[in-house]
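Step one of this worksheet: look at the structure below.
The values are calculated or read from the model by the stated rules, or taken from the named source; none is laboratory data. Remember, predicted model here, so these are calculated numbers, not experimental data. For neighbour counting, all protein chains shown are included, and Cβ atoms are generated from backbone atoms with ideal geometry for every residue, glycine included. With ligands, DNA and RNA removed, areas are computed over all heavy atoms of the protein, side chains included. Shrake-Rupley method; radii C 1.70, N 1.55, O 1.52, S 1.80 Å.
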Amino acid sequence: MQEGKGMKMKTKICNEIFMEAIKDLAQGRDIPHLAALLAEEIGKPVIVTDDVKRVMAIHDPLGTGVRVGEFFPLPRGRNNDRKSPLPEDENLVREGLWETEQGLINYSCFAIQVPDRLYGYCIVLGAYRELEARDKMIIRQLSLTLLLALKELLDQEIIRERLLDEFTYDVLYNNYDSKVALYEKARRLQWHLEGPFAVLVLDTPADRLNTARRLGPGLFNSSAPIYTVINENVVIILSLANLSKEQYMGSCDSFVRELMANLEANSVQNTHIGIGSVAASLTDLHQSFQEAKVALELGKTLGTGDISYFNELGFLKFIFSAPAQELQEFAQRHLGRIIAYDLEMETDLLQTIEVYLNQQGQITNCAKALYVHENTLRNRLKKIEQLLGIDLKRIDHLLNIYIALQILKTDHYDEVK
Amino acid sequence: MAPSQKGFLFDPNRCLGCRACVMACAAGKNLPPGIYLRHVEMQEFRQGPRIMKFFLSTSCNHCVNPECLRLCPERAFRKRQDGIVMHDLSKCNGCGTCTRGCPFEAPMVNPTTGKAVKCDLCYDRLDEGEMPFCVAACPVQALRQIDIWHLKAHAPDAVKRLHGVLKLQVTQPSIRYLSLKPGKQVLRHAGRKGDEDENEDLQ
């Protein structure tokens, strides 16, 4: 009987905290406040993240000094898209170990979700079994208020994104009437106006676009990068103000590496990035944007890696605008004989010359890559020289072969989108 | 605004090669003699034992990544929210960079004005709910104006390229084609009197 009374009293306390949180929310208090309320009540550190695991708030009532990065490293295995259908009975709580400077820390992760949509996570540091029944109830109740707060934040973000997408489209496609109006609107959208700028175009599966745009680092060169979605690509604009020309590349590289790591951690795969040359001001962005897209498409086509800089494409950027017939004739003139020889004699001379060039003409490395003896490779190269009438030591001959190989690669390219 | 990219859908099985689209465009846009913003060419290729022939009608493709917009030193090109690539005559100095840079050779320099001219997808007609001159003139509806992003609902089997179209489409042209169906093409009688002269005029 007494136990029942006690339970009733505790439930009432829980309800009071819930009511307090709801009132606070109605008064415009934000997520850090709700996280602090929860953490103080259960006496454990609490971290609140959104659906892509970006940390929205951390409160540590015990003063453990635990530090968290921009994203909480929740392990993979959960679809993070806003509209991902989650089964109603999916386990709302899961435990894990978090590797920190202080060592491994146990945490319990509560999904903040409604049946068809995930809004975020409430992470309580400590094992689930260490939590009392009352604590669990408070966490569940305050998770509801956190859900409302996250939903409001997301709704505001969607409106802001729509305005930004529309405006950025106009800037990147030179679609505006006056520079004055352009700068005025940019200022209203809190766009960091100080150039120069770098434009990055990220290609990712269409169903992960909205996730990908929110996974980028929140800060670059002391200002917030602009993330927008245009024509099924995520476009990122970085301000390079106060950076020297020598620093541009290094800064962009480290930004891209961080972005790629975030995408990887969230199971966003098959991503490619194209980066245009530096745009001096807002009104030059359209050129840099087009360059980034050319770099992206050519990088994908020619297989030059996941990250392509327009400035590093060299002569390859001229390939796509040359007449197809001329390109075909060029490739046939310089490689036609070994292609025909390969077909007739069932040899691999084309692959041999390609690997030879990829290995910078190093016989030992090339032989290893082809799994053949060095002498076999030398014989093959001699045969190639004989058939094509070239000298593989001459730079002009090598250049022609290289160009012809790139043209052949574009031949196999057939996009179906 | 919903993402939109206006463009063309071309059916090579229907095109008669009559060039009504070319003429309607030239007349509607009041172009000087010899300047055409649309071209119709016969394509021929061998598919196994069969020789395939069909007509291809092309103009500016209002690319998603327009080279003209990237290269123009005067920033005379822009792309509207609906994807139409526009050319501002007041900014153009007739340098011809766009004509050389476009992989489809769509912009042309108008000898009477000395400035570049290109298809604007008859945006003024579109804004009033009418079709572009070329689309409206096609007697067999081989040419249609579509929204590329919402194409799947109208033509799920449309393809990005046909024989005779650039293979490497870095600029992402906003044109789609219906697949070639062997034996379905309706061709004008080859070698008909006047065809040679007409072709030469149009090139």
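Observations
- A:Val278 modelled with pLDDT of 90 or more and not aromatic (Phe, Trp, Tyr): yes
- Restricting segment B:42-61 to residues that are closer than 11 Å to B:His163 by Cα and among the polar types (S, T, N, Q), the residue that is surrounded by the most Cβ atoms within 10 Å (Cβ to Cβ): B:Gln43
- For A:Lys317: the one exception among (1) open to solvent by 40 Å² or more (accessible area, probe 1.4 Å); (2) away from chain B (no Cβ under 12 Å); (3) over 18 Å from A:Leu388 (Cβ atoms): (2)
- Hits in segment B:42-82 - residues which are under 22 Å from B:Lys115 (Cα atoms) and out of contact with any Leu (no Cβ under 9 Å at 6 or more places or on another chain): B:Thr58, B:Asn61, B:Pro66, B:Glu67, B:Cys68, B:Leu69, B:Arg70, B:Leu71, B:Cys72, B:Pro73, B:Glu74, B:Arg80
- Checking each residue in segment A:60-101 for being assigned to a loop (DSSP other than H, G, I, E, B), at pLDDT 80 or above and over 24 Å from the mean Cα position of the chain (by Cα) picks out A:Asp60, A:Pro61, A:Leu62, A:Gly63, A:Thr64, A:Gly65, A:Val66, A:Glu101.
- Unmet requirement for A:Ile401, which otherwise passes all of (1) modelled with pLDDT under 90; (2) among the hydrophobic types (A, V, I, L, M, F, W, C); (3) open to solvent by less than 40 Å² (accessible area, probe 1.4 Å): (1)
- Test: A:Thr352 is surrounded by 14 or more Cβ atoms within 10 Å (Cβ to Cβ), free of Cβ contacts under 8 Å to residues at least 40 places away in the same chain, part of a helix (DSSP H, G or I) and not assigned by TED's automatic domain parsing to the domain that holds A:Leu200: yes
- Among the residues making up segment A:162-202, those that are crowded, with 21+ Cβ neighbours inside 10 Å and either over 16 Å from A:Leu285 (Cα atoms) or not aromatic (Phe, Trp, Tyr) (or both) are A:Thr168, A:Val171, A:Leu172, A:Asn174, A:Ala198, A:Val199, A:Leu200, A:Val201, A:Leu202.
- Residue match in segment B:164-177 (condition: free of Cβ contacts under 8 Å to residues at least 24 places away in the same chain, within 14 Å of chain A (Cβ to nearest Cβ) and of a type in the set (A, V, I, L, M)): yes
- In the set A:Ala322, A:Ala280, A:Ala340, A:Ala369, only one residue is within 11 Å of chain B (Cβ to nearest Cβ) and open to solvent by 20 Å² or more (accessible area, probe 1.4 Å); that residue is A:Ala322.
- Checking A:Val256, A:Val201, A:Val278 one by one, the residue that is touching a strand residue (DSSP E or B) at 6+ places or on another chain (Cβ under 7 Å) and closer than 16 Å to A:Thr168 by Cα is A:Val201 and no other.
- Yes/no for B:Gly101 being within 10 Å of chain A (Cβ to nearest Cβ), under 20 Å from B:Ile148 (Cβ atoms) and small (Gly, Ala, Ser): no
- Some residue of segment B:62-74 being closer than 17 Å to A:Asn175 by Cα and open to solvent by 60 Å² or more (accessible area, probe 1.4 Å): yes
- Restricting the first member to segment B:58-78 and to residues that are within 13 Å of B:Gln169 (Cα to Cα) and more than 10 Å from chain A (Cβ to nearest Cβ), and the second to residues that are assigned to a loop (DSSP other than H, G, I, E, B) and among the aromatic types (Phe, Trp, Tyr), the beta-carbon pairs closer than 7 Å and six or more apart or on different chains are B:Asn61/B:Phe104.
- Members of segment A:283-307 that are closer than 30 Å to A:Asp51 by Cα and buried (at least 24 other Cβ atoms within 10 Å of the Cβ): A:Phe289, A:Ala292, A:Lys293, A:Leu296
- Of all residues in segment A:156-181, those being part of a helix (DSSP H, G or I), within 13 Å of chain B (Cβ to nearest Cβ) and more than 28 Å from the chain's Cα centre (by Cα) number 1.
- Test result for A:Ala331, modelled with pLDDT under 90, part of a helix (DSSP H, G or I) and surrounded by 17 or more Cβ atoms within 10 Å (Cβ to Cβ): yes
- Every residue from segment A:225-250 that is more than 14 Å from chain B (Cβ to nearest Cβ) and modelled with pLDDT under 90: A:Ala241, A:Asn242, A:Leu243, A:Ser244, A:Lys245, A:Glu246, A:Gln247, A:Tyr248, A:Met249, A:Gly250
- Condition met for B:Met86 (within 12 Å of chain A (Cβ to nearest Cβ) and either without any contact (Cβ under 8 Å) to a residue 40 or more places away in the chain or in a strand (DSSP E or B) (or both)): yes
- The set of residues from segment B:1-41 being over 26 Å from B:Ala116 (Cα atoms) and open to solvent by 30 Å² or more (accessible area, probe 1.4 Å) comprises B:Met1, B:Ala2, B:Pro3, B:Arg14, B:Leu16, B:Cys18.
Residues checked against (1) closer than 17 Å to B:Cys63 by Cα; (2) assigned to a loop (DSSP other than H, G, I, E, B); (3) small (Gly, Ala, Ser):
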residue: B:Pro139; (1), (2), (3): no, yes, no
residue: B:Arg144; (1), (2), (3): yes, no, no
residue: B:Pro156; (1), (2), (3): no, yes, no
residue: B:Thr171; (1), (2), (3): yes, yes, no
residue: B:Arg176; (1), (2), (3): yes, no, no
residue: B:Ser179; (1), (2), (3): no, yes, yes
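- Meets criteria (open to solvent by 60 Å² or more (accessible area, probe 1.4 Å), closer than 18 Å to B:Pro3 by Cα and more than 14 Å from every other protein chain (Cβ to nearest Cβ)) for B:His154: yes
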